[in-house]
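Each remark here refers to the structure printed beneath this line.
The values are calculated or read from the model by the stated rules, or taken from the named source; none is laboratory data. The model shown is predicted, which means the values in this text are computed figures rather than measured ones. All Cβ positions, even for glycine, are placed from backbone atoms using ideal geometry, and neighbour counts span all protein chains on display. Accessible surface is based on the protein model in full, side chains and every heavy atom, while ligands, DNA and RNA are left aside. Shrake-Rupley method; radii C 1.70, N 1.55, O 1.52, S 1.80 Å.
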Amino acid sequence: MLFNSIDFAIFIPIVFILYWFVFRSLKSQNVLLIIASYVFYAWWDWRFLGLIIVSTLIDYSIGLAIDKQQKKKSKKTLLTLSILLNLGILGFFKYYNFFIENFKAAFQLFGRDLDINYLNIILPVGISFYTFQTMSYSIDIYRNKIKPTTNLIAFASFICFFPQLVAGPIERASSFLPQVEKRRVFNYAKATDGLKQILWGLFKKIVIADNCAVFVNDIFENYSTYSGSTLFFGAFLFTIQIYCDFSGYSDIAIGVSRLFGFNLKKNFAFPYFSRNIAEFWRRWHISLTTWFKDYFYIPIGGSRGSKWTQLRNTFAIFLVIGLWHGAHWKFVVYGFINALHFVPYIIRGKNTKYTSIIANNKWFPNGKEIFGMFHTFLFLVFARIFFRADSLTSAVEFLSGIFSKSLFSLPQLSNTTDALILLILIIFFFVVEWFGRAKEHALEQVFSKSKRYYRLAFYYSIVFLIFYFNGEEQQFIYFQF
Amino acid sequence: MKRFLKQTVLFLIPVLVIMITMELALRHIPNDYELKNAQIALKKESIKTLILGSSHSLYGFNPEYFTEEAYNLGHVSQTIDLDYLLLKKYIKELPKLKTVVIRLSYTTLHEQLNESTESWRQKDYNLYYNLNVSNKLKLNSEVLSVKLRNNIKRLKNYYLEHEASISVTNSGWAFFEKPHVVKPIDDFGWTVAKKHTAKDNNLVEENIKFLEKIVNLSNEHSVNVILVTLPAHKSYRDNLNTSQLEMVVAAGEKMKRKYSNCNYLNLMQSDSFKDIDFYDPDHLNTNGAKKLSLLVDDFITQSK
């Protein structure tokens, strides 16, 4: 079920009413959440529900077993088992064909043919998200950071909670399980704020991302026929699209959770207002980057040790983040390019600079900040070509297409009026985000202190824009991961 | 909680009222689907030839040039699965029906409306033909299936500017007002051909089954089927994927060999059609439609 579908618009009020008015005890509310989450997931494909249930049972049992063991070695064995099982499932569905392809290529280099066939595997939606969630649970128990829950219903609710099941934010048991195990109380302010966040998420997805997609899909599919300026415009729009698509999803997920009395992890902190690449990665897909930081980067040494160690670890984490996105070399290259951009900052010790928000308590950024934002954004426009292109070869051809004489011509667009309208909407979007950049989400700030009528007029305008630009339901980009 | 529900409902009421009003107003606008459904009911006792298919059929076959009473039931983006559903709906109601003419275009085996970017058009078959092609609420509503900007334009055109909302003649045929598109056809045959070239063959098997169902259903009612690959402009033909085209032609030939009530007419490369007969790379204009209709009518007469 897509957040931007009519099905979801019907599903959510039904679950909301049942949750607050019918299933009033903690246990029954959690059972309802599990049922609703399974229905939500099965709407896409019921066959893969079994995988979620298996993942849930594996880590629920292993979590309890780790806690029972006295010996460190036994605990470690159980943790290894959990990681192997989780990564085994993920690896099979996501990376099997990728590894076979590369093994075959490697063997061919030595003049030998490997006789293994590719499998026709469908990637279950959200597998990368909930697998990481279940793994972090077992690791945290092993590290004595949390105690395992004996409540299977609460644990299952944590794993399958529908707002964040298919595309995050990737929650941690330490922050989410206590919320599942404690009785939720309806909070008016929290719920209305949730609705505002949903509204803004829908705006980002339907108005900005889906309309960018119209141009982006055409330009990336037919890149060989377009001028350099058109290709650059396509890459620029994709940079906007991917942010609005994914952060829009996160906004809706967080907003919906708030309606049910839950607080989810913030996943995006206005990343396009970052002054360098390091700040960008602290603000982009926060739940994933902190996951890799805690469970991969720090265990391999993190920023401890020499500059060389730091650089090695940075490249390692980016290569893994790249691969997490998909079984394709283009994602590895995408990770590598990002790591490469980190190098000068690590060498100069400036990778931890800019931890506060840009132009704090000011209306506008200064010249240095503007330059920082501009160059970070420009870097992302080029780096994301590798993310969006069909293959590594296409990405390189796309890039070389940009750097041609035609870069200085006017872009050739299928519909210039629509492109101009889209640019105006993008400017409006950035203005709203700029004013809300100190808050959890943009609409928490914008018009929140205005008179009721102005506020209402603003919200109705957003609703109007959502309906006005609503087209064919487009799947969220991150569903494929 | 009460306050929250009250405020939310109050906020949503104007939105819902506007949506319901728009839905009613939009359904009130006459459209080709509703009109064809009504017309076919009026002519059901006399129709002898039924034309089905996408825009290629809709613009390409003018029933006025058929010797016997014909009706064009084609629509823009209508795919073979919908052709079958329409035939299934009407075949029992057309006692004099003798021939069904269906286009077998370059895209016919590789597309279905529900899989395409035009899937919103399914609502027209749900709402105006009662075909129940989708249970999705979105596809059973004008407001929910079409972009608001397009719906506002439709409302403005019909209610304020009193523009005609019907684009077909009494025989179900539609024609382009201008003989050609403004742009030279040679310039965009490649673009159209590329757009029509499928990424995979996933739907081929299923669509061939729909073709077979159409022929079998027709056979049960002693109706002949003529599959027609329509003429196309050179700029389009030259840029088609050979294997996709061969698949289509092979399917037509195979159907002809396998079923006694089925014939296949491949006019893709026909010399009879010149530049002046095309509106754009893959659609005939009024001239071209006249030529094609006379040719197909002649074929029907000779086949008897």
key: Residue among A:LYS266, A:LYS293 that is closer than 30 Å to B:LEU5 by Cβ and either part of a helix (DSSP H, G or I) or in contact (Cβ under 8 Å) with a residue 24 or more places away in the chain (or both)   = A:LYS266
task = Write out, first by first residue and then by second, each pair whose Cβ atoms fall under 9 Å of each other, whose residues are 6+ apart or on separate chains, and whose first residue, in segment B:5-19, is more than 15 Å from A:PRO13 (Cα to Cα) while the second is outside any helix (DSSP H, G or I) and at pLDDT below 95.
result = B:MET19/B:SER141
request  = Please specify each residue of segment A:291-316 satisfying the condition of being hydroxyl-bearing (Ser, Thr, Tyr) and either open to solvent by 30 Å² or more (accessible area, probe 1.4 Å) or in the same structural domain as A:ALA173 (by TED's automatic domain parsing) (or both).
outcome  = A:TYR297, A:SER303, A:SER306, A:THR309
Restricting segment B:155-165 to residues that are in contact (Cβ under 8 Å) with a residue 24 or more places away in the chain and away from chain A (no Cβ under 14 Å), the residue that is most open to solvent (accessible area, probe 1.4 Å) = B:TYR159
remark   = If we keep only residues of segment A:143-200 that are assigned to a helix (DSSP H, G or I), more than 27 Å from A:THR77 (Cβ to Cβ) and among the small types (Gly, Ala, Ser), then the residue nearest to the other protein chains (Cβ to nearest Cβ) is A:ALA191
Qualifying positions in segment B:255-280 - over 13 Å from B:LEU292 (Cα atoms) and of a type in the set (Lys, Arg) = B:LYS256, B:ARG257, B:LYS258
remark   = Of B:VAL133, B:VAL101, B:VAL168, the only residue that is away from chain A (no Cβ under 14 Å) and at pLDDT 95 or above is B:VAL101
ask   = Within the set of pairs 6+ apart or on separate chains, which have a first residue in segment B:175-186 that is open to solvent by 100 Å² or more (accessible area, probe 1.4 Å), a second that is at pLDDT 75 or above, and C-beta atoms under 7 Å apart?
value = B:ASP186/B:SER235
ask   = Which of (1) closer than 23 Å to A:ASN187 by Cβ; (2) open to solvent by 10 Å² or more (accessible area, probe 1.4 Å); (3) among the hydroxyl-bearing types (Ser, Thr, Tyr) does A:TYR272 not meet, given it meets every other one?
value = (1)
note = Those residues of segment A:413-423 which are more than 14 Å from chain B (Cβ to nearest Cβ) and either without any contact (Cβ under 8 Å) to a residue 60 or more places away in the chain or in contact with a Lys or Arg (Cβ under 6 Å, 6 or more places away or on another chain) (or both) amount to A:THR416, A:LEU420, A:LEU423
ask   = Inside segment B:127-144, can you point out the residues that are closer than 16 Å to B:GLN78 by Cβ, open to solvent by less than 10 Å² (accessible area, probe 1.4 Å) and touching a Leu at 6+ places or on another chain (Cβ under 6 Å)?
value = none
inquiry  = With the requirement that a residue be surrounded by fewer than 15 Cβ atoms within 10 Å (Cβ to Cβ) and either among the acidic types (Asp, Glu) or away from chain A (no Cβ under 14 Å) (or both), what does segment B:10-26 give you?
reply    = B:LEU24
query = Tell me, which strands (runs of 3 or more DSSP E) lie completely within segment B:221-282 with 1 or more residues that are touching a strand residue (DSSP E or B) at 6+ places or on another chain (Cβ under 7 Å), among the polar types (S, T, N, Q) and surrounded by 18 or more Cβ atoms within 10 Å (Cβ to Cβ)?
reply = B:224-229, B:262-266
remark   = Among residues of segment A:448-468 being open to solvent by 70 Å² or more (accessible area, probe 1.4 Å) and more than 14 Å from chain B (Cβ to nearest Cβ), the residue farthest from A:LEU237 (Cα to Cα) is A:LYS451
note = Sole miss for A:SER247 among (1) in contact (Cβ under 8 Å) with a residue 60 or more places away in the chain; (2) under 20 Å from the mean Cα position of the chain (by Cα) is condition (1)
inquiry  = I'd like to check which helices (runs of 4 or more DSSP H) are fully inside segment A:2-68 and have at least 3 residues that are within 14 Å of chain B (Cβ to nearest Cβ), within 17 Å of A:THR134 (Cβ to Cβ) and in contact with a helix residue (DSSP H, G or I) (Cβ under 9 Å, 6 or more places away or on another chain).
reply    = none
message = Among the residues of segment B:287-303, are any closer than 22 Å to B:THR191 by Cβ and open to solvent by less than 10 Å² (accessible area, probe 1.4 Å)?
response = yes
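Quick check on A:LEU32: is it in the same structural domain as A:PHE155 (by TED's automatic domain parsing) and over 15 Å from A:VAL166 (Cα atoms)?
Details: in the same structural domain as A:PHE155 (by TED's automatic domain parsing): yes; over 15 Å from A:VAL166 (Cα atoms): yes.
Yes: the conditions hold for A:LEU32.
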ask   = Quick check: is even one residue across segment B:84-94 within 14 Å of chain A (Cβ to nearest Cβ), surrounded by fewer than 22 Cβ atoms within 10 Å (Cβ to Cβ) and out of contact with any helix residue (DSSP H, G or I) (no Cβ under 8 Å at 6 or more places or on another chain)?
value = no
